[in-house]
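Reviewing the structure listed below.
The values are calculated or read from the model by the stated rules, or taken from the named source; none is laboratory data. Everything quoted here is computed from the prediction, not taken from an experiment. All Cβ positions, glycine included, derive from the backbone under ideal geometry; neighbour counts span all protein chains shown. For the accessible areas, the whole protein counts, side chains as well, though only heavy atoms, and no ligand, DNA or RNA atoms are used. Shrake-Rupley method; radii C 1.70, N 1.55, O 1.52, S 1.80 Å.
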Amino acid sequence: MKRLAQKTVIDKALKTLREGGLVGLPTETVYGLAANALSDEAVARIYALKARPQFNPLIAHVASAEQAMMYVAFNDWAHKLADAFWPGPLTLILPKKKDSGVSLLTTAGLDTLAIRVPAHPIAQHILKNLVFPLAAPSANPSESLSPTTMEHVQQAFPDLYVLNGGPCIVGLESTIVDLTQKVPVILRPGSVTLQEIEAVLGCQLGTNTDKTIKSPGQLKRHYAPSIPLRLNVTHLNPKEALLSFGAHDLKGAIREINLSPQGDLQEAAANLFAALAKLDSSEYESIAVLPIPPQGIGLALNDRLKRASS
Ligand code: TXA
Ligand code: MG
């Protein structure tokens, strides 16, 4: 019975996507708002539902590196990174192939394409059964938090068909690496770290100097709750909720969520957006955030918190 129910749900999602509709898709990073990346009409529906500024291009999701090569031109770096990290939470920016068929709305008119192979079994299954890539931004309205559970997506978009893949195990959007410049550059930090990428490529990464857009969540207010966020706090204000990490001695908060009582950065990342969503309430005047060590995935955590506080 359970199998049958699951098959019906998957079939409905596939049918919706083939007809140019939108589906809430679980990935290991965050839930995506997925549509056919080759279809202008389908991608336009994503922008409309998210109320997303047109200049922010989308990531194309495919089932494998082989499929990725149909849409982008691989170089040596791409081969190495795809071998090491795909399927997984890494997005590569590469030159878009001329005959790729990818909608200009997906790339926002750029001649490069952001592409990734997600590891989540449901995303994998869906992508393997489609003959087109899926454009999928995080499934949240522009400028609000990225969703890490099916319930988050349903709250934001009550009419959307959402596949339930459980809570996302990574919990932060993918690391984005631009491979179209003289040296590879990280445009958005994520759980695949700078050190891991440098180790695989055997070279030092460059710094992101192109301020025009190029990139990610580059909209500063990309990850923002509706009440102010104070970072690296050492004391609590009245009516302030506390977002903590590890053991600490800041007592007396009216509400506290600890991202990881053990001080595990991976666990903290997986919990971040859900915790911010819970604390984003008019009951509190602001959210105080304890310092989080800026190492490994801690860099990405601090990046998201900084955006959320700006
Ligand atoms: O983990 C993720 O990456 C999630 C899941 C659903 O896969 N997706 C996600 O998509 O975070 P989104 O649209 O919220 O963020 C994609 C980022 C955007 O900030 C965009 O600016 C950047 O990727 N991007 C897309 N195409 C680009 C390109 N050609 N050059 C530079 N940056 C690009
Ligand atoms: Mg997003």
What ³J(HN,Hα) values, in whole Hz, does the Karplus curve 6.51 cos²θ - 1.76 cosθ + 1.60 give for the range 187-201 when θ = phi - 60°, with x put for Gly and Pro? 8, 9, x, x, 6, 7, 8, 3, 4, 5, 5, 4, 5, 6, 7
Keeping all protein chains in the complex and leaving out DNA, RNA and ligands, what accessible area do you get for E267 with a 1.4 Å probe, in Å² to the nearest 10? 70 Å²
For helix 2-18, report the angle its Cα long axis makes with the longest principal axis of the Cα atoms of the chain; keep it between 0 and 90° and round to the nearest 10°. 70 degrees
To the nearest Å², the heavy-atom accessible area per residue of the range 21-172 with 1.4 Å probe amounts to 37 Å²
In sequence order, what are the phi-derived ³J(HN,Hα) couplings for the range 143-151 according to the Karplus relation 6.51 cos²θ - 1.76 cosθ + 1.60 with θ = phi - 60°, rounded to whole Hz, with x for glycine and proline? 6, 10, 5, 6, x, 10, 9, 4, 4
Dipole of the chain, Cα-centred, from +1 at each Lys and Arg C-beta and -1 at each Asp and Glu C-beta, to the nearest 20 debye? 420 debye
Any idea what the relative contact order of the chain is, in percent, if you count C-alpha pairs under 8 Å spaced at least 6 apart? 19 percent
May I ask which residue of S244, I254, V233 lies farthest towards the positive end of the charge dipole of the range 229-309, with charges of +1 (Lys, Arg) and -1 (Asp, Glu) on Cβ and the Cα centre as origin? V233
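What is the gain in length, in nm to one decimal, between K98 and K278 on full extension, counting 0.36 nm per residue of separation less the C-alpha to C-alpha distance?
On the way: separation 180, 0.36 × 180 = 64.80 nm, distance 4.47 nm.
Extra length from K98 to K278 when fully extended: 60.3 nm.
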Calculate how many DSSP beta bridges within the chain are antiparallel, expressed in % of all such bridges and rounded to the nearest 5. 45 percent
Order the following by accessible area, largest value first: C203, C168. Probe radius 1.4 Å; ligands, DNA and RNA are ignored. C203, C168
Net charge of Cβ neighbours under 10 Å - reference A73; Lys, Arg +1; Asp, Glu -1: +3
Taking the Cα centre of each part, how many Å lie between the range 142-195 and the range 231-269? 23 Å
Cβ-Cβ FRET estimate between L160 and S226, R0 fixed at 22 Å, reported to 0.05: 0.55
Using just the helices of the chain, give the 222 nm mean residue ellipticity in deg cm²/dmol: DSSP H runs with n ≥ 4 each add -39,500 (n - 2.57), and the total is spread over all residues, rounded to 500. -9000 deg cm²/dmol
Non-local amide H neighbours of N258 (under 5 Å, H modeled in plane, Pro and chain starts lacking H): which ones? S244
At a threshold of 8 angstrom on Cα-Cα distance, excluding pairs fewer than six apart, so keeping six or more, what relative contact order does the range 229-309 reach in percent? 41 percent
Accessible area (Å², per residue) of the range 229-309, counting only protein heavy atoms and a probe of 1.4 Å: 47 Å²
Over 25 Å between C-alpha atoms is what I'm after, so list which of K251/K278; K7/K97; K128/K278; K182/K306; K80/K182; K50/K182 land there. K7/K97; K128/K278; K182/K306; K50/K182
Label-to-label distance, nm, for residues given as T8 and E196 (7 Å Cα→Cβ offset): 3.9 nm
For the range 229-309, what mean projected area does the convex hull of the alpha carbons give, in nm²? 4.6 nm²
Spelling it out for R188: with amide H atoms placed in the peptide plane at 1.01 Å from N, the residues 5 or more places away or on another chain with amide H under 5 Å from its amide H are I176
